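Working notes, structure below.
Derivation of every value follows stated rules applied to the coordinates shown; laboratory data play no part. Remember, predicted model here, so these are calculated numbers, not experimental data. Cβ: placed from backbone, ideal geometry, glycine included. Neighbour counts: every protein chain shown.
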Amino acid sequence: MSELDVAALIHDCMIVTMKLSFPILGAALVVGLLVSFVQAITQINEATLAFLPKVVAIGLALMMLGPFMAATLTGFSHRVFDRIVAIGGS
């Protein structure tokens, strides 16, 4: 395996990591900002108030994006295993 192959594999790994994590982190960020905005307006400073909406948003995002995430991870795994087989055959 050459250095270019390793660099390409690391690049693909980082892209897959971003594809899988950004939607979930984005949902948590948006809900956290909305809850913080509501808390600032109403002056309710309760830490547990921000926790439940974030958990619900993350759960909904995982349910909606689960098939996409599984397909992305499966495709990446197939590409990695194909490269392993190609290297082992040479």
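Overview of values
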| quantity | calculated |
| --- | --- |
| Residue list for region 11-63, filter: more than 30 Å from Ser77 (Cβ to Cβ), touching a Lys or Arg at 6+ places or on another chain (Cβ under 9 Å) and not hydrophobic (A, V, I, L, M, F, W, C) | Gly32 |
| Subset of region 1-37 [touching a helix residue (DSSP H, G or I) at 6+ places or on another chain (Cβ under 8 Å), under 30 Å from Val85 (Cβ atoms) and assigned to a helix (DSSP H, G or I)] | Asp5, Leu9, Asp12, Cys13, Val16, Lys19, Leu20 |
| Counted residues, region 44-55 - those being free of Cβ contacts under 8 Å to residues at least 24 places away in the same chain and part of a helix (DSSP H, G or I) | 8 |
